[in-house]
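S.K.: Handing you a structure now.
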Amino acid sequence: MSMTNQSILITGANGYIGNCLFHSLKNKFKVKGIDKEITNNKNIYKCNILNVKKFNKILLRVKPDLIVHLAAQSLVDEQLNKKKYYDNNILATNILLKTMEKNNIKKIIFSSTAAVYKQANKSLKENSKLKPMSTYAKTKLVCEKNIIKQRKINSVILRFFNVCSAFSKPCIGELHNPETHLIPTIIYKAIYNKKVYIYGNNFPTKDGTCIRDYIHIKDICLAIEKSIKLLGDKKNSTILNIGNHKGLSNQEIINYVKKNVKKKINLNYVNRRKGDVVSLVCNSEKAKNLLSWRAKNSNLQTIVRDEIKWIKKINKLKIKRKFKNYNI
């Protein structure tokens, strides 16, 4: 089967990554999506995977060759009901796998997280020690294990580091409700002079703020596209880190944004969140070798430039962004 004839189903297709991925793949494959939320895109069905009967009907209609499973309860917030994480992550993935087997669908790409790793001072490889701290990360690791157990399903598990920024054409990006991620929060609040809250300035790092590996959404979508090709070439089940191979502290990002937005940032430091680790930095050599992929858009200049374009579009459309009081 040629690549362009492949039918791809994206779960969580209205989400940040799902929406960008849909636009990235739609001219290269036969792409459909599902999401819990309603959409004006006729190619995205409104469906909760937990609704087994409806989900099965959609699979019978779409007949996908491969599923990109992005749907998840993804907010790292320990105050959330743990049942939400279990239902939307573990239970939904188990239903997905059973329904795939029932419909003879043998390929899946699963979006996991770097948060499954144990805290380390060096860059993390796929075989680094695992020790998820947050409920979100714990449920993702359970999903990974359940996928790997499937003998009839070939999988690529992608452990994403900190996905950020936006597509410039079409101009689409993240619009969470509330927004919780560092880069859109810092840039938006810097532009519009809102209070910025940083969780913790007493981490054992050079400036006291935690360190993360930021990866541009364009590079994420390219990694998924190349993973589709990898699954098309031969039977494969593999785990890959998808990150920038470089760590940036919260303070470094704040300093860069302050310099480029040319506005004073109304900065407030608050207590650390439970589940936050000191540093998460990626070793992505395996992805580079297996996928012939690299994070070519993930320099801070491109990340900030594209996010500013997206923020200006949101403002022009008069879309109000919501933030939690203590927000990163």
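The values are calculated or read from the model by the stated rules, or taken from the named source; none is laboratory data. Every value quoted in this text rests on a predicted model; they were computed, and no experiment measured them. Neighbour counts run over all protein chains shown; Cβ positions are idealised from the backbone, glycine included. Just so you know, the surface numbers come from the protein's heavy atoms only, side chains and all, with ligands and any DNA or RNA stripped out. Shrake-Rupley method; radii C 1.70, N 1.55, O 1.52, S 1.80 Å.
S.K.: Classify the stretch 277-328 as rounded, prolate or oblate, taking a ≥ b ≥ c as the square roots of the eigenvalues of its Cα gyration tensor: rounded when a/c is under 1.5, otherwise prolate if a/b is larger than b/c and oblate if not.
M.R.: Note, shape of the stretch 277-328 comes out oblate.
S.K.: To continue, here is another question. Radius of gyration and Dmax for the stretch 96-161's Cα atoms, expressed in Å?
M.R.: 13.2, 44
S.K.: Rounded to the nearest 500 deg cm²/dmol, what is the calculated helix-only ellipticity per residue at 222 nm for the chain, with -39500 (n - 2.57) per DSSP H run of length n ≥ 4?
M.R.: So the helix-based figure for the chain works out to -10500 deg cm²/dmol.
S.K.: May I pose another question? Give Lys42/Lys296; Lys152/Lys286; Lys63/Lys235; Lys206/Lys259; Lys28/Lys106 a once-over and call out the pairs whose C-alpha atoms are over 22 Å from each other.
M.R.: Pairs exceeding the cut-off: Lys42/Lys296; Lys152/Lys286.
S.K.: Taking a probe of 1.4 angstrom, what is the accessible area of Cys171 in Å², to the nearest 10?
M.R.: Rounded to the nearest 10, the figure is 20 Å².
S.K.: So if each residue of separation counts as 0.36 nm, and I subtract the Cα-Cα distance between Asn177 and Ile38, what length gain in nm does that give?
M.R.: Extending this stretch completely gives an extra 48.5 nm.
S.K.: With an 8 Å cut-off on Cα pairs and a minimum separation of 6 or more residues, tell me the relative contact order of the chain in percent.
M.R.: This gives 19 percent for the chain.
S.K.: Per 0.36 nm of contour for each residue apart, how much would the distance between Arg272 and Ile148 grow if the chain were fully extended, relative to their Cα-Cα spacing?
M.R.: Between Arg272 and Ile148, full extension yields an extra 41.3 nm.
S.K.: Output ³J(HN,Hα) for the stretch 144-156: one whole-Hz value per residue in order, computed from phi by the Karplus curve 6.51 cos²θ - 1.76 cosθ + 1.60 with θ = phi - 60°, and x for Gly and Pro.
M.R.: 3, 4, 5, 5, 4, 5, 6, 6, 9, 10, 8, 9, 10
S.K.: What is the antiparallel percent of DSSP beta bridges lying wholly in the chain, to the nearest 5?
M.R.: DSSP beta bridges in the chain are roughly 10 percent antiparallel.
S.K.: Evaluate the relative contact order of the stretch 18-59 (contact order divided by residue number), counting alpha-carbon pairs under 8 angstrom at least 6 apart; express in whole percent.
M.R.: That works out to 24 percent.
S.K.: Roughly how many Å is it from the Cα centre of the stretch 232-260 to that of the stretch 140-192, as a whole number?
M.R.: Taking the Cα centre of each part, the stretch 232-260 and the stretch 140-192 sit 11 Å apart.
S.K.: Report, in debye and to the nearest 20, how large the dipole of the stretch 188-281 comes out about its Cα centre when Lys and Arg carry +1 and Asp and Glu carry -1 on their Cβ.
M.R.: Using only the charged Cβ atoms, the result is roughly 420 debye.
S.K.: Hey, another quick one. Work out how much length Ser168 to Gln301 would gain on full extension: take 0.36 nm times their residue separation and subtract the Cα-Cα distance, in nm to one decimal.
M.R.: 46.5 nm
S.K.: Would you look at the GNM of the chain, springs on alpha carbons closer than 10 Å, and say which of Asn89, Asn250, Asn103 moves the most?
M.R.: Asn103
S.K.: With all pairs of different alpha carbon atoms counted, what Kirkwood hydrodynamic radius in Å does the chain show? The partial results should precede the final answer.
M.R.: Working: mean 1/r = 0.0495 Å⁻¹.
Answer for the chain: a Kirkwood hydrodynamic radius of 20.2 Å.
S.K.: Report the charge-dipole magnitude of the chain in Debye, nearest 20, computed about the Cα centre from +1 at each Lys and Arg Cβ and -1 at each Asp and Glu Cβ.
M.R.: In total the dipole reaches around 520 debye.
S.K.: Still on this structure, please answer the following. Out of residues 5 or more away from Leu280 or on other chains, whose amide H comes under 5 Å of its own, with H placed 1.01 Å from N in the peptide plane?
M.R.: Ile211, Arg212, Asp213
S.K.: Karplus couplings for the stretch 164-169 from phi (6.51 cos²θ - 1.76 cosθ + 1.60, θ = phi - 60°), rounded to Hz, Gly and Pro as x?
M.R.: 7, 6, 8, 6, 8, 9
S.K.: In terms of the Cα gyration tensor, with a ≥ b ≥ c the square roots of its eigenvalues, is the stretch 184-249 rounded because a/c is under 1.5, prolate because a/b exceeds b/c, or oblate?
M.R.: Details: a/c = 4.46, a/b = 2.04, b/c = 2.18.
Judged from the Cα gyration tensor, the stretch 184-249 comes out oblate (a/c at least 1.5, b/c at or above a/b).
S.K.: Rounded to a whole number, what % of the accessible area of the chain do carbon and sulfur atoms account for, probe 1.4 Å?
M.R.: Numbers: 7760 of 16000 Å².
Reported share for carbon and sulfur atoms: 48 percent.
S.K.: For Lys106 and Lys263, FRET efficiency with R0 = 56 Å and r from the beta-carbon atoms, rounded to 0.05?
M.R.: On the way: r = 52 Å, r/R0 = 0.93.
Efficiency, from the Cβ-Cβ distance: 0.60.
S.K.: Rounded to two decimals, what is Rg over Rh for the stretch 139-228 when you use alpha-carbon atoms and the Kirkwood radius?
M.R.: 1.06
S.K.: Something else now. For the stretch 25-42, what does the Karplus curve 6.51 cos²θ - 1.76 cosθ + 1.60, with θ = phi - 60°, yield as ³J(HN,Hα) per residue in whole Hz, taken in order and with x for Gly and Pro?
M.R.: So the J values, rounded to whole Hz, are 9, 4, 9, 10, 9, 7, 10, 10, x, 10, 7, 5, 8, 6, 9, 8, 8, 5.
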